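*Asks:* There's a structure below that I have some questions on.
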Amino acid sequence: MSDVYEAVTSRRAVRGFTDRPVPEEVLERVLSAAAWAPSASNLQPWNVYVVTGAPLAELKKRAGERVASGDPWDEPEYEQYPPALKSPYRERRSAFGEQRYGALGIPREDLEARQRAASANWDCFGAPAALFCYIDRDLGPAQWSDVGMYLQTVMLLLRAEGLHSCTQMAWAKYHKTVAEVLSPPDGLILFCGMSIGFEDVTMDYARTGRAPLDETVTFVGDH
């Protein structure tokens, strides 16, 4: 049981990977086990593509060219955040941005530097493996929740293998480019990408905090 706690507390969004290859058998082992993640009525609504080697290099190249040319993002297929994010979510998002870019030495007003840092998303932060998760566009919020539980299961199993990850909704902004390389069926929406690899421990990072328990959890009963 303690190993589960360790996996949960050591999992974080790593944004710096080495180029050390991730063995295919490890990814197969992780994804075979992750298939046991819960889903309502066992629909298993995740559709996953695992990309390495030349196809991933091609995808990074195409995305990088779009970033460099200032090509606008693709028309969104789902809303990542409500247009007017209310409290306390607005403050949490703002605090994350301040901590993320503050750790990189980028002041709030330096938008160009922030954009350069954000562009590393589309290089998968140097990771040698990536996962792209699609969901059928005809499915609803409950199935999107199931996909989230599946992805969390994948990330925890990666920790058991000594690997790290970073989920990236940023890839949905270039979903047409991803589709050029992966050729998914028309009925699928790209939810997110996930960079997978061995952490580059030479890179500094600031781990984002969490809200106090009493802000998010209410105990009801005798205690």
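The values are calculated or read from the model by the stated rules, or taken from the named source; none is laboratory data. Keep in mind it's a predicted model, so treat the numbers as computed, not measured. Cβ coordinates were reconstructed from backbone atoms using ideal geometry, including for glycine residues, and neighbour counts include every protein chain displayed. The protein model used for the area step is the full one, side chains on, heavy atoms only, and it has no ligands, DNA or RNA in it. Shrake-Rupley method; radii C 1.70, N 1.55, O 1.52, S 1.80 Å.
*Asks:* Does the range 159-169 include one or more residues that are free of Cβ contacts under 8 Å to residues at least 60 places away in the same chain and more than 23 Å from Ser94 (Cα to Cα)?
*Replies:* For the range 159-169, residues free of Cβ contacts under 8 Å to residues at least 60 places away in the same chain and more than 23 Å from Ser94 (Cα to Cα): present.
*Asks:* Do we have any residue at all in the range 22-40 that's under 29 Å from Met203 (Cα atoms) and outside any helix (DSSP H, G or I)?
*Replies:* yes
*Asks:* May I ask you to list the residues in the range 56-70 that are touching a Phe, Trp or Tyr at 6+ places or on another chain (Cβ under 9 Å) and open to solvent by 60 Å² or more (accessible area, probe 1.4 Å)?
*Replies:* Of everything in the range 56-70, just one residue is touching a Phe, Trp or Tyr at 6+ places or on another chain (Cβ under 9 Å) and open to solvent by 60 Å² or more (accessible area, probe 1.4 Å), namely Arg62.
*Asks:* I'm trying to understand the selection: among the residues of the range 128-174, which are open to solvent by less than 20 Å² (accessible area, probe 1.4 Å), among the hydroxyl-bearing types (Ser, Thr, Tyr) and not in a helix (DSSP H, G or I)?
*Replies:* Tyr134, Ser165 - these are the residues of the range 128-174 that are open to solvent by less than 20 Å² (accessible area, probe 1.4 Å), among the hydroxyl-bearing types (Ser, Thr, Tyr) and not in a helix (DSSP H, G or I).
*Asks:* Right, another one. Quick check on Arg100: is it within 27 Å of Ile135 (Cα to Cα) and either at pLDDT below 80 or in a helix (DSSP H, G or I) (or both)?
*Replies:* no
*Asks:* Of all residues in the range 6-37, which are modelled with pLDDT of 95 or more, over 22 Å from Ala120 (Cα atoms) and open to solvent by 70 Å² or more (accessible area, probe 1.4 Å)?
*Replies:* Of everything in the range 6-37, those that are modelled with pLDDT of 95 or more, over 22 Å from Ala120 (Cα atoms) and open to solvent by 70 Å² or more (accessible area, probe 1.4 Å) turn out to be Glu24, Glu25, Glu28, Arg29, Ser32, Trp36.
*Asks:* Please go through the range 206-223 and give me each residue that is open to solvent by less than 100 Å² (accessible area, probe 1.4 Å) and not in a loop (DSSP other than H, G, I, E, B), ordered by number.
*Replies:* Thr216
*Asks:* Separate question: Could you please find all residues in the range 183-204 being closer than 23 Å to Lys60 by Cα, of a type outside the set (S, T, N, Q) and open to solvent by 30 Å² or more (accessible area, probe 1.4 Å)?
*Replies:* Pro185, Asp186, Phe191, Phe198, Glu199, Asp200, Val201, Met203
*Asks:* When you go through Gly53, Gly70 one by one, which is the residue that is of a type outside the set (Lys, Arg), more than 19 Å from the chain's Cα centre (by Cα) and modelled with pLDDT of 95 or more? I'd like the intermediate steps shown before the answer.
*Replies:* Values: Gly70 fails: modelled with pLDDT of 95 or more.
Answer to the check: Gly53.
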